[in-house]
Amino acid sequence: MQEKNPILEVCGLCTDFWVDGKYNRATENVDFKLYEGETLGIVGESGSGKSVSSLSVMGLIPIPPGRITSGKILYYSRSGVQMDLTKISENWYRKIRGDEISMIFQEPMTSLNPVMKCGNQVVESLRIHKNITYQEAKKITLDLFEQVQLPEPEITFNKYPHQLSGGQKQRVMIAMAISCNPRILIADEPTTALDVTVQKTILELLKSLQKTYRMGIIFISHDLGVISELADRVVVMYKGNVVETGHVWDIFNRPRHPYTKSLIACRPPLDKYLRKLPVVSDFMNLSETRQTDPEKEDFKIIFQNEENVITPEERKKELQKLISGERILEVKNLVVKFPRTKTILGKVTSWITAVDDVSFDVYEGETLGLVGESGCGKTTLGRAILRLVEASSGDILYRKGNILKMTETEFRPLRKKIQIIFQDPYSSLNPRLMIGDALVEPMKVHQIGRNYAERKDYVMNLLKKVGLLEEHFYRYPHEFSGGQRQRICIARALVLNPEFLICDESVSALDVSVQAQVLNLLNDLKKEFKLTIIFISHDLGVVKFMSNRMVVMNKGRIEEMGDADEIYNKPKTEYTRKLIDAIPKGDFTNSYFAVS
Amino acid sequence: MIKFVSIKIINGILVLWGVVTCIFFLFNILPGDPATIILGQRASEENVKAIHRELGTDRPVITQYLHYLNDLSFISVHKPYNHKSLIYLNPSKYSWIPLFEIDKNYAVVLKIPYLRKSYITKRDVSEILIDTLPETAILAFFAICIASSIGIILGIFAALYKDSWYDKGSFIFATVFGMSAPSYLVGLIMAWLFGYKLAEYTGLSPVGSLYEYDEWEGQYISFKNLILPAFTLGVRPLSIVIQLMRSSMLDVMSQDYIRTAKAKGLSTFQIVVRHALKNAMNPVVTAISGWFAGLMAGAVFVEKVFNWKGIGYEVVDALSKNDLPVVMGATLIFATIFVITNTIVDIVYGFLDPRVRIK
């Protein structure tokens, strides 16, 4: 690969963003090269500058508030001319954008124009750069739709974005990006918003397209697992700096920078059970960006020693003990339906069955994992238990009392005991309420604590327990990062001292490195508060790490149910196997640790 | 799509029915005896009774209401052979096409809604309205045209050159002239400034109607007279459109799909025209369309100031004389226009934005 000529060279790129009255550095001296026909992975957590670097290659950094202070982006164009993209005129840039360098974005839901037919959006992209008629462009577009495996290209051509699924939209985006046969394709977290199973098919599509078109791909993700599926070389970014660059095999087998090591380690391992997941702070001093903390170098010993690994026997024993205990929740033949179409008078003519005849038990003190693709009914099931959606038939017994038959007054004390943590930590906090007040509020409603001072003490104590500081009591949600907000949401759920917790995709919106911290936190709190948890996620790897038993759902029904480990090792149904296959493993994930 | 359209139309009819009901009961509880309005204070008791019998105002309220509905409906029931009946098919009131008869006494007919007669002039209310409505409609229509065409363009520029002197200037114009100043004040200033002070240069007159009379030429249409009142009426919508278009445009320009369009290599002009405009127009179109009927109602002041002989002028006149049928008819016409424009807008909106259709 190295003998080839680079098509893109980023040298010493520094960018600033204007935030709160001063310029903050977004990237600092970023260097990387992209060779012809190679896939370069850029990995890093949110805020590490990976998106900013790629957007500056496209010339899409909003100026202001952004600015490029120094550095060069050298591009070797199709005609062999070398140019510095930071210096060329806007008119010239427009000819390159979409033609020679194109981009796929993270959010397929919002990245397509909602009032324009999908086909025409691709046609437009073709007709800007190539001198062809609408009919010719349409023919090429239909070919492209065929290539990106969209169903019935002719029909999809005339559909609007909202009529397609997330994965299909991303395929339209890809078709648009490759339409002019670009030399460089930048994919900025193209699969993060999608289900694991869809992610797998998209990654395979990108791989095969690269083979056909021989383009250089820059693939950006926060997840090293995903990167390892695709990339030839990897750039690791941390706080605006490139901390490590290397061949993907080297990155996984001989990581040098502690941050890289932590990224490899923090994904829940699939072959064994750990008591505690490694997190970034175990590997390095967070205030230092470049130095390895010598004291923390021996992390292998910390996390790979026998004390941190739960043996299968121990797991079995624990499960036995749980199952012989009391049933805290029994769900019997639960059905939840939503009206699909109505007559003018509001009479329902057809239904969508979201949860279809589902029965399972939850034992006291256990974590039950609920896994399945989006739309399988797992979220609806979780909400039905809290009576946030109306169940159509069936029973839900909580400590022998039937939740569905209770009046609202009878149910109110139970609302205190059963709490839920939602997926999106950004939109589930009121932006105008101080964190402390948001946490004190439910206590006041349920009359816990005698006065404000007492409640405040309790909340401050709780903030410390979820890994925040006492002074965060007086802050507002926008001042926190995603991981911190999810901690706040957890604190809000725990403030009423519940015994039952439903975590609905609670870590799905978080970076892998932050996800590990939150998972550890949940496990610690489970012990401390003696919680029983239903853990809902689309990521089978995460569910397996968290749960004793696991329920796999598909199309509203239970596919299979049982010991999480057994399901993973011996899946009984085709669907479960598909879910397991879709987990991005990378061929190297465990080899680094295997050496030790 | 057919289902979507038919639901919207049925909705519109239901709303109109509600409006008719409200109008009827509202004006029913107003003080004022129609007989004394028609005959004057010193009318004899017999004459008063006769008037009551003729108008049906001696009947129970519910009968009066049904009678009113029957008069307004396109398809109505009548007694064609009974001269004394309230619902006698009187040729001086109705013009109809017979449909069919029920047991020889009743006939169902298709007719033009009957808005009754003015108490004062004895003319058909529909005739009065038909005479004056076009003038008001033309005034409102031009006001809307001025407001939307200028407003949308100015709004787009305000968004594209956000925080520039131009953006701030248009904001000040909009708040001072559009929002804060009442329309009769703006009207007076405009009439004085352009119709009087600067009349030499503008060639405009401070007052005047669409139809002017001239000793030599007789009646002629004067579009020149339209300019000042239309501007005055349009100033408020204009400033709202500027602000609305600006914020809507700013919102759309920060969307992900605009970034996608940029990444394709489109120029700013192409992005605005092909991607941003259609998305940004939706809230503006809804707002503008909702104003048409509102503007016709709002034309009352402006018509008074510029002496424009429209429906508003007529209503003010009728109100001062307690001429209820005219006021009721005019209110009903405003409501009908309101419902019709809203229905059309909903349907147009469905065409503009495919996501609306699925609901």
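The values are calculated or read from the model by the stated rules, or taken from the named source; none is laboratory data. Here the structure is a predicted model, which means the values were calculated and not measured. Cβ sites come from the backbone with ideal geometry, for glycine too, and all protein chains shown count toward neighbours.
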Query raised in the report: Looking at the range A:184-199, which of its residues are more than 14 Å from chain B (Cβ to nearest Cβ) and either more than 25 Å from residue A:574 (Cα to Cα) or surrounded by 21 or more Cβ atoms within 10 Å (Cβ to Cβ) (or both)?
Result: A:191, A:194, A:195, A:196, A:198, A:199
Requested in this report: Could you tell me whether residue B:250 is in a helix (DSSP H, G or I), surrounded by fewer than 18 Cβ atoms within 10 Å (Cβ to Cβ), hydrophobic (A, V, I, L, M, F, W, C) and more than 9 Å from chain A (Cβ to nearest Cβ)?
Outcome: yes
Report task. May I ask you to verify whether residue A:91 is within 13 Å of another protein chain (Cβ to nearest Cβ) and within 30 Å of residue A:164 (Cβ to Cβ)? Result -> no
Query - the range B:119-144, residues that are at pLDDT 85 or above, buried (at least 17 other Cβ atoms within 10 Å of the Cβ) and over 17 Å from residue B:301 (Cα atoms) - result: B:124, B:125, B:126, B:128, B:129
Query raised in the report: Would it be correct to say that residue B:349 is assigned to a helix (DSSP H, G or I), farther than 30 Å from residue B:33 by Cβ and without any contact (Cβ under 8 Å) to a residue 40 or more places away in the chain?
Result: no
Query raised in the report: Looking at (1) surrounded by 23 or more Cβ atoms within 10 Å (Cβ to Cβ); (2) assigned to a loop (DSSP other than H, G, I, E, B); (3) of a type outside the set (A, V, I, L, M); (4) within 11 Å of chain B (Cβ to nearest Cβ), can you tell me which one residue A:62 breaks?
Result: (1)
Query - All positions within the range A:198-236 that are over 27 Å from residue A:507 (Cβ atoms) and in contact with a Lys or Arg (Cβ under 7 Å, 6 or more places away or on another chain) - result: A:215, A:216
Query raised in the report: So which residues in the range A:99-156 are of a type in the set (S, T, N, Q), more than 7 Å from chain B (Cβ to nearest Cβ) and under 28 Å from the mean Cα position of the chain (by Cα)?
Result: A:106, A:121, A:147, A:149, A:156
Requested in this report: Restrict the check to the range B:280-291 and report whether at least one residue is within 12 Å of chain A (Cβ to nearest Cβ), modelled with pLDDT of 85 or more and more than 18 Å from residue B:240 (Cβ to Cβ).
Outcome: no
Report summary line: If you go through A:428, A:393, A:350, the only one that is at pLDDT 85 or above and either surrounded by fewer than 17 Cβ atoms within 10 Å (Cβ to Cβ) or closer than 26 Å to residue A:466 by Cα (or both) is A:393
Requested in this report: Give me a count of the residues in the range B:78-107 that are among the aliphatic types (A, V, I, L, M) and exposed (fewer than 15 other Cβ atoms within 10 Å of the Cβ).
Outcome: 3
**Report entry** Subset of the range B:256-306 (residues that are in contact with a Gly (Cβ under 7 Å, 6 or more places away or on another chain) and not in a helix (DSSP H, G or I))
**Finding:** B:265
Query raised in the report: So which of A:13, A:60 ends up being free of Cβ contacts under 8 Å to residues at least 60 places away in the same chain and touching a helix residue (DSSP H, G or I) at 6+ places or on another chain (Cβ under 8 Å)?
Result: A:60
Query raised in the report: For residue B:139, are the conditions met, namely being aliphatic (A, V, I, L, M) and farther than 30 Å from residue B:236 by Cα?
Result: no
Query raised in the report: Taking residue A:168, is it within 12 Å of chain B (Cβ to nearest Cβ) and either more than 30 Å from residue A:10 (Cβ to Cβ) or at pLDDT below 85 (or both)?
Result: no
Report task. Could you list, in sequence order, all residues of the range A:447-506 that are closer than 25 Å to residue A:534 by Cβ, among the charged types (D, E, K, R) and free of Cβ contacts under 8 Å to residues at least 40 places away in the same chain? Result -> A:487
Report task. Check the range B:53-68 and report whether any residue there is over 26 Å from residue B:25 (Cα atoms) and part of a loop (DSSP other than H, G, I, E, B). Result -> no
